[in-house]
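The structure under discussion appears below in the form of structure tokens.
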Amino acid sequence: MIFKNFEKLVQNGATPVIRKKREDVLRLLTAALEAVDPYTLVKSTIKDNKMFLKDTIFDLSRYDNIFAIGFGKASIGMTQAICDYIDIARGIVITNSANVKVSHNKVETILGSHPIADMNCVRGTDKILNLVKNCKRNDLLIVLISGGGSSLLCKPKIKLKAYQQTNNLLLKSEANINEINTVRKHLSDVKGGQLAKAADCQILSLVISDIIGDPLESIASAPTSPDSTTYSDAYNVLQRYELTGKIPDEALNIIKDGVNGLIKDTPKKEDIIFEKVSNNIIGSNFLACEAAALKAKKLGYFPCILTTSLSGEAKEMGNYVVDSSKIFEDDGRYDVIIAGGETTVKVEGKGVGGRNQELILGVIKRLNGKEAVFSSFATDGIDGNSDAAGAIADGYSYSRALGKNLNSEKFLIQNNSYNFFRKLDDLLFTGDTGTNVMDLQVIIK
């Protein structure tokens, strides 16, 4: 069981029925996470010195040397699978998971920072670029990409401090991840297909998606995929969120120089360099939701995957999921509702929490008196600025909160969902999961 406080979360149920539903919700979330285990996903593509991807089979024996590079929250597990089943000449991994490294004497593991890159990320990226540039034509470069790679793979066109300040402002704005990565790509020398441009060999990229719709040109800012966005698009993002007067001058000047044609734009899909690149999504939120639904069936439920594209303000999206579950309840067909995606939080208070905890807090009053259990879970184990992965609530949670003099509306206004659920002992704790496919929501009615 991935939840460190599993027993406590179950026992917090006020009745035997609620306790059983709490247990089953946690089992569904566990099954979902296991389905997107990075090691297992990569291992499943390898057999008899071949890699099976989409409609293509890569015969690994035809290459002189095989190199592996990885960056992102899932990079350790992905790279370890490559090392265990393929004979590689050398590898480099940049991770944000402390005290974890790839077990292979030819692979270097570098600890970087997320979500704001640090100098370790830059040094690690320099090492990766050096490896990539030294690959020969008949070598194979396996690139292992996952969420978090935008910060961990970092080679800015400007000074690191200015790049950090720009990223910090983007993350605090209401820009979505695609917009943020549009700017990042145009301040970078490796993002937006530029890593692929540095290589002279065949590139095979395995990607675990952490973005709605699985857009290759946005995941980890697309180091090996063509980029359809331009410097003008990046400038428009800065204007849209009133950041042109806030970001450092050197960052703004790079974008303006690009708009004026003084800097060559990122590689586009017609570029010949992409003829040597195969990009493959091997893990996603949809895969996790499917696994949760399969587990629900095995437990005797009738599940429905509502969406894998849940987005919008977290405190409002909880109501959307609850409303949708009532619609399904009318025809008696479904008793488990599963959703996935990534919501947002407009931070106006100074509390602790994250989008998953806030999603549940926003709907806790409406659950009152219902025989339902509702949970929202960050698959990377880190929700917002807290050490929790999410929260769980049921039809008795609101009355339990009142008994402890907890005002849910007040905590919501303060963006303090963590401390609300901490006092109820209903936070989800997993620690760093080593993967990331956005968030999952599960209701058992």
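Observations
- Residue match in the range 287-297 (condition: in a loop (DSSP other than H, G, I, E, B) and without any contact (Cβ under 8 Å) to a residue 40 or more places away in the chain): no
- Among the numbered conditions (1) of a type in the set (Val, Ile, Thr); (2) more than 30 Å from Ser325 (Cβ to Cβ); (3) crowded, with 18+ Cβ neighbours inside 10 Å, the only one that Ile281 does not meet is (2).
- From the options Ile94, Ile76, residue that is part of a helix (DSSP H, G or I), buried (at least 18 other Cβ atoms within 10 Å of the Cβ) and either on the phi < 0 side of the Ramachandran plot or of a type outside the set (Val, Ile, Thr) (or both): Ile76
- Take the conditions (1) over 30 Å from Gly434 (Cβ atoms); (2) touching a strand residue (DSSP E or B) at 6+ places or on another chain (Cβ under 9 Å); (3) among the small types (Gly, Ala, Ser); Ala393 misses just one of them, which is (1).
- Residues that are touching a helix residue (DSSP H, G or I) at 6+ places or on another chain (Cβ under 6 Å) and part of a helix (DSSP H, G or I) were ranked within the range 27-48; the one that is farthest from Gly147 (Cα to Cα) is Leu28.
- Hits in the range 167-187 (condition: charged (D, E, K, R) and assigned to a helix (DSSP H, G or I)): Lys172, Glu179, Arg184, Lys185
- Selected residue (only one of Ile145, Ile128 is assigned to a helix (DSSP H, G or I), crowded, with 24+ Cβ neighbours inside 10 Å and of a type in the set (A, V, I, L, M)): Ile128
- Breaking point among (1) closer than 22 Å to Lys191 by Cβ; (2) acidic (Asp, Glu); (3) within 18 Å of the chain's Cα centre (by Cα), for Asp118: (3)
- Boolean, Asn168 is over 27 Å from Ile281 (Cβ atoms) and of a type outside the set (A, V, I, L, M): yes
- For the range 148-166, filtered to residues that are touching a helix residue (DSSP H, G or I) at 6+ places or on another chain (Cβ under 7 Å) and either surrounded by fewer than 24 Cβ atoms within 10 Å (Cβ to Cβ) or acidic (Asp, Glu) (or both), the residue that is farthest from Val122 (Cα to Cα) is Ala162.
- Leu306 being in contact with a strand residue (DSSP E or B) (Cβ under 9 Å, 6 or more places away or on another chain), within 30 Å of Thr40 (Cα to Cα), assigned to a helix (DSSP H, G or I) and of a type outside the set (Val, Ile, Thr): no
- Just one of (1) at pLDDT below 95; (2) in a loop (DSSP other than H, G, I, E, B) fails for Ile57. It is (2).
- Residues within the range 97-112 that are surrounded by 16 or more Cβ atoms within 10 Å (Cβ to Cβ) and either more than 20 Å from the chain's Cα centre (by Cα) or not hydrophobic (A, V, I, L, M, F, W, C) (or both), tallied: 8
- None of Ser284, Ser324 is of a type in the set (Ser, Thr, Tyr) and touching an Asp or Glu at 6+ places or on another chain (Cβ under 7 Å) except Ser284.
- Annotation note: of Leu144, Leu140, the sole residue that is within 29 Å of Ile212 (Cα to Cα) and either in contact with a strand residue (DSSP E or B) (Cβ under 6 Å, 6 or more places away or on another chain) or aromatic (Phe, Trp, Tyr) (or both) is Leu144.
Here is a yes/no grid of residues against (1) modelled with pLDDT under 95; (2) outside the structural domain of Ser113 (by TED's automatic domain parsing); (3) out of contact with any Pro (no Cβ under 6 Å at 6 or more places or on another chain):
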| residue | (1), (2), (3) |
| --- | --- |
| Lys161 | no, yes, yes |
| Gln164 | no, yes, yes |
| Asn168 | yes, yes, yes |
| Ile177 | yes, yes, yes |
| Lys197 | no, no, no |
| Gln202 | no, no, yes |
| Ile212 | no, no, yes |
| Ala220 | no, no, yes |
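- Restricting Lys43, Lys50 to residues that are in contact with a Phe, Trp or Tyr (Cβ under 7 Å, 6 or more places away or on another chain), farther than 30 Å from Lys370 by Cβ and either without any contact (Cβ under 8 Å) to a residue 12 or more places away in the chain or of a type in the set (Phe, Trp, Tyr) (or both) narrows the list to Lys50.
Results for (1) acidic (Asp, Glu); (2) within 12 Å of Ala220 (Cβ to Cβ), shown as yes or no for each residue.
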{"position": "Ser151", "(1), (2)": "no, yes"}
{"position": "Cys154", "(1), (2)": "no, yes"}
{"position": "Asn167", "(1), (2)": "no, no"}
{"position": "Glu174", "(1), (2)": "yes, no"}
{"position": "Leu187", "(1), (2)": "no, no"}
{"position": "Lys197", "(1), (2)": "no, no"}
{"position": "Asp200", "(1), (2)": "yes, no"}
{"position": "Ile208", "(1), (2)": "no, yes"}
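The values are calculated or read from the model by the stated rules, or taken from the named source; none is laboratory data. Owing to the predicted nature of the structure, the values given are computational and were not obtained by experimental measurement. Note that we place each Cβ from the backbone using ideal geometry, even for glycine, and neighbour counts take in every protein chain shown.
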